[in-house]
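The structure appears below as structure tokens.
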């Protein structure tokens, strides 16, 4: 018997989105296009954020704390210098780490893009696309379908089944 799916809000949101994508894009071609568009939008946004961070904070190859800057402008109180410098350094380190992470994400997304190009080489006959549509209806039926709503009500009224509201 299969394990029960997770009921946490994040998983439930994922299941709903998963089913919606199958319902709204029930063919191989539509799934190919959807996957490509999602990948490209992810790359575009992550790349743009990385460019913006590099403009604001440098390209990440510079040391986090320049050695000449602290001696030029010394604050009036030494305690303020230490806490301000440590706070700025921590934020700078977090930004630098985020930039490295975004560079890695972009590299991975590029690799996925290269693999996805192979997926676009696949074409299937109309008969196979019909099978895609039929199975999509079974995998992710319309949640507002009258039969499904009626079945859900019946299942929640059955005393020997746990309520899953």
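The values are calculated or read from the model by the stated rules, or taken from the named source; none is laboratory data. This structure is a prediction, so every number in the text was calculated from the model and none was measured. In this analysis, Cβ positions are derived from the backbone assuming ideal geometry, glycine residues included, and neighbour counts consider all displayed protein chains.
Quick notes on this structure:
- Close Cβ contacts (under 7 Å, 6 or more residues apart or on different chains) running from residues in region 7-26 that are outside the structural domain of residue 144 (by TED's automatic domain parsing) to residues that are surrounded by 11 or more Cβ atoms within 10 Å (Cβ to Cβ) and not in a helix (DSSP H, G or I) comprise 19/140; 22/140; 23/140; 23/142.
- Listed by position, the helices (runs of 4 or more DSSP H) contained in region 77-165 that have at least 1 residues being modelled with pLDDT of 85 or more are 78-119, 126-139.
Listed here are the residues, each with its yes/no results for (1) in contact (Cβ under 8 Å) with a residue 60 or more places away in the chain; (2) within 16 Å of the chain's Cα centre (by Cα).
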position: 94; (1), (2): no, no
position: 104; (1), (2): no, yes
position: 114; (1), (2): no, no
position: 117; (1), (2): no, no
position: 120; (1), (2): yes, no
position: 132; (1), (2): yes, no
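- Condition check for residue 63: at pLDDT below 85, touching a helix residue (DSSP H, G or I) at 6+ places or on another chain (Cβ under 7 Å) and either part of a helix (DSSP H, G or I) or not assigned by TED's automatic domain parsing to the domain that holds residue 117 (or both): no
- Residues that are surrounded by 15 or more Cβ atoms within 10 Å (Cβ to Cβ), in contact with a helix residue (DSSP H, G or I) (Cβ under 9 Å, 6 or more places away or on another chain) and more than 21 Å from residue 115 (Cβ to Cβ) are absent from region 27-44 altogether.
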